Amino acid sequence: MPQKAKLGQNFLADANARRRIVEALGDISATTVAEIGPGKAAITEILAQRAGELVAVELDPELAAALRERFSTQANVRIVEQDILTVDLSALRSGESKLMVVGNLPYYITSDILLHLFRHHEAISRAVVMMQREVAERVAAAPGMRDYGLLSATTQMYAQVERLMTLPPGAFSPPPQVHSSVLRLTFAPRFKELGVEAEGFIAFLRKAFAQKRKTLLNNLRAAGYGVAEIAGAADGAGVSVQARAEAVSLEQMASLYRGLTLSV
Ligand code: SAM
């Protein structure tokens, strides 16, 4: 079975890392766990022994067939041959209890997968995900840090982010060209606390971060807001109009959004 580079197939060979990833989920004995991209079962094998229920979603038909065969006698394991981005994660919940998500992600769609998890945030309690180190740094960065941007702000509206470990290329077979980091996302959406509705605020963040080199004022003007209303809302939020979105906290950003929304 040749490795398919375009599907991001770098299989985790480090046994200690496999175990630590599963342990980072906590007690999963009564939980439904969704695994993204089980591949050759490096993590799946441990999950299958410990999870109440495991739904492993693999796009590659050959790998999915081998997984179905391998786990055919384990009643708690279901292999779904599908693109993770089209899986209705909310439908995997059993009753009121929330899902946990785990995966050594296919790196070519990391941001899309994170956004997919956020769309289903009401169904998810925790996610432990491996991605390219540089992307993990962006996800985890705090306002004012070099790597802080739209992906950080969006993620941090939905979840608390912890960096758990970083692995060198040699931990995988075949080795990728990049280092990889594992993050734990504990879902705790902040929209209610910050007094904003999710859809409108996420769309506003996209406008505020539209062009990295521009000031917040210029990005918001380009999005159609008037200079006077931006200045008024920025004043109320304690934000300089010359600031860049990258330097503004989520609390201030929410205050700015509320000010602009009220002024229209
Ligand atoms: N979990 C395995 C491991 O750690 O060794 C494999 C991880 S590998 C980085 C990513 C896996 O995701 C591959 O098995 C690949 O075929 C699968 N994959 C790629 N795109 C996918 C998609 N859109 N939906 C589901 N799985 C996908």
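Couple of notes before you dig in:
- Charge dipole of the chain (Cα centre as origin; +1 on each Lys and Arg Cβ, -1 on each Asp and Glu Cβ, all else neutral): 560 debye, rounded to the nearest 20.
- Over the Cα atoms of the chain, the radius of gyration divided by the Kirkwood radius equals 1.03; this is the Rg/Rh ratio.
- Whole-percent carbon and sulfur share, accessible surface of region 198-263, 1.4 Å: 51 percent
- Under-5 Å amide H pairs with Ser180, H placed in peptide plane, nonlocal only: Arg133, Leu167
- The angle between the Cα long axis of helix 61-70 and the longest principal axis of the Cα atoms of the chain comes to about 50 degrees, rounded to the nearest 10.
- Listed by chain and number, the aspartates and glutamates whose C-alpha is less than 18 Å from the C-alpha of Lys192, apart from same-chain residues fewer than 8 away, are Glu122, Glu251.
- In the chain, Cα pairs under 8 Å separated by at least six residues give a relative contact order of 15 percent.
- At full extension, Ala223 and Leu7 could sit 74.2 nm farther apart than now, given 0.36 nm per residue minus the alpha carbon distance.
- Charge dipole (the chain, unit charges on Cβ, about Cα centre) - positive-most of Thr155, Thr110, Gly232: Gly232
- Using alpha-carbon coordinates, inclination of helix 198-208 to the longest axis of the chain, degrees: 70 degrees
- With a Förster radius of 35 Å applied to the beta-carbon distance between Ser72 and Val178, the computed FRET efficiency rounds to 0.50.
- Surrounding net charge for Ala65, when Lys and Arg each add one and Asp and Glu each subtract one, Cβ distance under 13 Å: -2
- Each part gets one Cα centre, and for region 116-133 versus region 134-198 those centres are 10 Å apart.
- For the chain, the longest principal axis of the Cα atoms and the long axis of helix 227-237 meet at an angle of about 70 degrees.
- Taking every protein chain into account, the accessible area of the chain amounts to 46 square angstrom per residue (probe 1.4 Å).
The values are calculated or read from the model by the stated rules, or taken from the named source; none is laboratory data. What you see is a predicted model; the values in this text were computed from it and never measured. Backbone-built Cβ (ideal geometry, glycine too); neighbour counts: all protein chains shown. For the accessible areas, the whole protein counts, side chains as well, though only heavy atoms, and no ligand, DNA or RNA atoms are used. Shrake-Rupley method; radii C 1.70, N 1.55, O 1.52, S 1.80 Å.
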